[in-house]
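I'd like to ask some things about the structure below.
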Amino acid sequence: MNKPALTAMRKQAQGGFTLIELIVVIVILGILAATALPRFSTLGNDARVAALQAARGALMSTASMAHGQWLINPQNATVTYEGQVITFATTVASGYPRADAGFVAASGITTTDYTIIPAGTTATGTAPAAAANSVSIVPNSVAGTTRALTCFINYAEPTAVNAQPVITFTANTAGC
């Protein structure tokens, strides 16, 4: 074969992927996406659970600090943290905070991120209960849905003189 004919044949040769190669790559990408998608869909649940754990820790810390202040001066009915007035529980003289909005706000838990369910609220199909002398906290991302029933924390005032408050963490990672 002469040299000009070989050069012309090279110029006419098509470059790039064939149709079969393109289909194989698309199928492989589809399989990878199908296996990775469930992992990414649970990240929202994991984030809500982690945020609730952090909020629980904030409630525990604030309750402990307020209790320390009460031990120093048990005559005080209130203490101020972060510009918020914390009122001590009066049902039992335990020195722990009353379950109210002031205590929750002093813990750094705001209505921007959470829905605060006040004491004495009965449960509905889309919100957990908050018994007398307790407060429940639900992330706003699930508030008003049935997922709120499995994704919340509850702070309950102590029921005995030497008891601590009970902070219940209810978070089902599949439903939070």
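Using Cα-Cα distances under 8 Å and only pairs 6 or more residues apart, what relative contact order does the range 103-150 have, in percent?
Relative CO of the range 103-150 lands at 34 percent.
Here's something else I'd like to know. Tell me the relative contact order for the chain as a rounded percent, counting alpha carbon contacts under 8 Å between residues six or more apart.
Averaging sequence separation for qualifying contacts and normalising by length gives 17 percent for the chain.
For F152, what is the net charge nearby, where nearby means another residue's Cβ is under 12 Å from its Cβ and Lys, Arg count +1, Asp, Glu -1?
+3
Counting other beta carbons within 10 Å of each residue's own, what order do V135, V49, V161, V142 fall into, fewest first?
The fewest-first ordering by Cβ neighbours comes to V161, V49, V142, V135.
A follow-up question, please. With a Förster radius of 25 Å, plug the Cβ-Cβ distance of A163 and S61 into 1/(1 + (r/R0)^6) and report the FRET value to the nearest 0.05.
So, using R0 = 25 Å, E works out to roughly 0.85.
Around A163, under 15 Å between beta carbons, what's the net of Lys plus Arg minus Asp minus Glu among the other residues?
Values: positive: R98; negative: E157.
Once all neighbours under 15 Å are counted, the net charge is 0.
Follow-up question, since we're still on this one. For a footprinting-style exposure proxy, rank E157, E21 by other Cβ within 10 Å, fewest first.
E21, E157
Oh, and also: For helix 19-41, what angle does its Cα long axis make with the longest principal axis of the chain, in degrees from 0 to 90 and rounded to 10?
10
Output the Cα-based Rg and Dmax of the chain in Å, rounding Rg to one decimal and Dmax to a whole number.
29.2, 108
Applying the Karplus parametrisation 6.51 cos²θ - 1.76 cosθ + 1.60 with θ = phi - 60° to the phi angles of the range 52-65, what ³J(HN,Hα) value in whole Hz is obtained for each residue in order, glycine and proline being reported as x?
5, 5, 5, 5, 4, x, 5, 4, 5, 5, 5, 4, 5, 5
For the pair T124 and A77, how long in nm is the line joining their label points, each one 7 Å along Cα→Cβ?
Those two pseudo-labels are separated by 3.3 nm.
Using only Cα atoms and rounding to the nearest 10 degrees, what angle (0 to 90) does helix 3-12 make with the longest principal axis of the chain?
So the inclination is approximately 30 degrees.
Just so you know, all these numbers are worked out from the coordinates, no wet-lab data involved. Keep in mind that what you see is a predicted model, and the values were worked out from it rather than measured. Glycine also receives a Cβ, built like all others from the backbone with ideal geometry; neighbour counts cover every protein chain displayed.
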